[in-house]
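Colleague: Questions regarding the structure given below will be posed in turn.
The values are calculated or read from the model by the stated rules, or taken from the named source; none is laboratory data. Computed from a predicted model, the values in this text were never measured in an experiment. Please note: Cβ atoms are built from the backbone with ideal geometry, for glycine as well, and neighbour counts cover all protein chains shown. When the accessible area is computed, the model is the full protein with side chains, heavy atoms only, and any ligands, DNA or RNA have been set aside. Shrake-Rupley method; radii C 1.70, N 1.55, O 1.52, S 1.80 Å.
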Amino acid sequence: YLESILKYYKYITGLSLTVDIYLYDDIPAMSISMKEKIYFRSSLIDIKDVAMYLYFPHEIFHQLIGNDVKFVGDGRLWMLESFTEYLQLRYIMHKNKNLANRYICFILERYKDNISNDVPIIAINDESYELQIVATIESRGVLLFHIYFMNVDDFHLKMMLEKLAIVKNVSITVFLQICCEIGINVERLSSDINNIGNYEQIKAGIYENYI
């Protein structure tokens, strides 16, 4: 299944990837991506489906988003982690739409459960509380990408990734400018990331367009 993920990575980025993968338990998370190296805890071998659809694609996409392309300033974690999580979701949609649908429902439910910890996405940084990151970056931030990129086809997503790779050090202003260039309504998106979310509004956006 790693071959399938690497094939999709090349398809959607236009880039070939050479990366060494290690099983290593002495890491602070289940998986970590470094330049041309990815470390996974050995326990992931026992949960192949979780590894295939969640951990492996996420760390593979971090080879571009986070290692090659750096993000700076306000909104850095949203661009780094929420966008990577969204690319992972695109991979799941490519492989298994029913599973992708269930995963979107899971993220939406996680957001509902943690909505009391929601803050403006633009305000989240490395010093933010863990539950704020769960609500804002791991949940609402991913859902916003899904809603706003609903009609972005693979060609335009690839175009966006190519533009990011050229810039390398990307601010929120540059990121939104590139989003605008592929047809995203950045005025509304900018408002959403600068304010606290609305669960019912996000739920309506998800159900109206996909589920």
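Colleague: Residues in region 176-186: is at least one over 24 Å from R110 (Cβ atoms) and touching a strand residue (DSSP E or B) at 6+ places or on another chain (Cβ under 9 Å)?
Modeller: Among the residues of region 176-186, at least one is over 24 Å from R110 (Cβ atoms) and touching a strand residue (DSSP E or B) at 6+ places or on another chain (Cβ under 9 Å), which makes the answer yes.
Colleague: Looking at this structure, is H146 open to solvent by less than 20 Å² (accessible area, probe 1.4 Å) and either in a helix (DSSP H, G or I) or not polar (S, T, N, Q) (or both)?
Modeller: Working: open to solvent by less than 20 Å² (accessible area, probe 1.4 Å): yes; either in a helix (DSSP H, G or I) or not polar (S, T, N, Q) (or both): yes.
Answer is yes for this residue.
Colleague: Quick one: which strands (runs of 3 or more DSSP E) lie wholly within region 6-74 and hold at least 1 residues that are in contact with a Gly (Cβ under 9 Å, 6 or more places away or on another chain)?
Modeller: The strands (runs of 3 or more DSSP E) meeting that bar are 31-34.
Colleague: In region 94-122, how many residues are buried (at least 16 other Cβ atoms within 10 Å of the Cβ), free of Cβ contacts under 8 Å to residues at least 40 places away in the same chain and either under 28 Å from G183 (Cβ atoms) or polar (S, T, N, Q) (or both)?
Modeller: 4
Colleague: Would you confirm whether any residue within region 39-56 is modelled with pLDDT of 95 or more and among the basic types (K, R)?
Modeller: The answer is no; no qualifying residue exists.
Colleague: Which residues, taken from region 172-211, are part of a helix (DSSP H, G or I), closer than 26 Å to G14 by Cβ and of a type in the set (S, T, N, Q)?
Modeller: Keep residues of region 172-211 that are part of a helix (DSSP H, G or I), which gives 172-181, 186-193, 199-209.
Still in the list and also closer than 26 Å to G14 by Cβ: 172-181, 186, 189.
Those that are part of a helix (DSSP H, G or I), closer than 26 Å to G14 by Cβ and of a type in the set (S, T, N, Q): T173, Q177.
Colleague: Right, here's the next one. Starting from region 196-208, keep only residues that are of a type outside the set (A, V, I, L, M, F, W, C), then list their pairs with residues that are surrounded by 12 or more Cβ atoms within 10 Å (Cβ to Cβ) and in a loop (DSSP other than H, G, I, E, B) whose Cβ atoms are within a distance under 6 Å, requiring at least 6 positions of separation or different chains.
Modeller: Once the first residue is of a type outside the set (A, V, I, L, M, F, W, C) and sits in region 196-208, its partners that are surrounded by 12 or more Cβ atoms within 10 Å (Cβ to Cβ) and in a loop (DSSP other than H, G, I, E, B) give G197/D118.
Colleague: Report every pair of residues separated by at least 6 positions or lying on different chains whose Cβ atoms are under 6 Å apart, first residue within region 143-165 and under 27 Å from D118 (Cα atoms), second modelled with pLDDT of 95 or more and open to solvent by 30 Å² or more (accessible area, probe 1.4 Å).
Modeller: Hits for this filter: L144/D192.
Colleague: Right, S16: among the hydroxyl-bearing types (S, T, Y), in contact with an Asp or Glu (Cβ under 7 Å, 6 or more places away or on another chain) and exposed (fewer than 12 other Cβ atoms within 10 Å of the Cβ) or not? Spell out the reasoning first.
Modeller: Numbers: among the hydroxyl-bearing types (S, T, Y): yes; in contact with an Asp or Glu (Cβ under 7 Å, 6 or more places away or on another chain): no; exposed (fewer than 12 other Cβ atoms within 10 Å of the Cβ): yes.
Answer is no for this residue.
Colleague: Assess whether N169 counts as being open to solvent by 60 Å² or more (accessible area, probe 1.4 Å), farther than 23 Å from Y8 by Cα and in contact (Cβ under 8 Å) with a residue 60 or more places away in the chain.
Modeller: On the way: open to solvent by 60 Å² or more (accessible area, probe 1.4 Å): yes; farther than 23 Å from Y8 by Cα: yes; in contact (Cβ under 8 Å) with a residue 60 or more places away in the chain: yes.
When the stated conditions are applied, N169 passes them.
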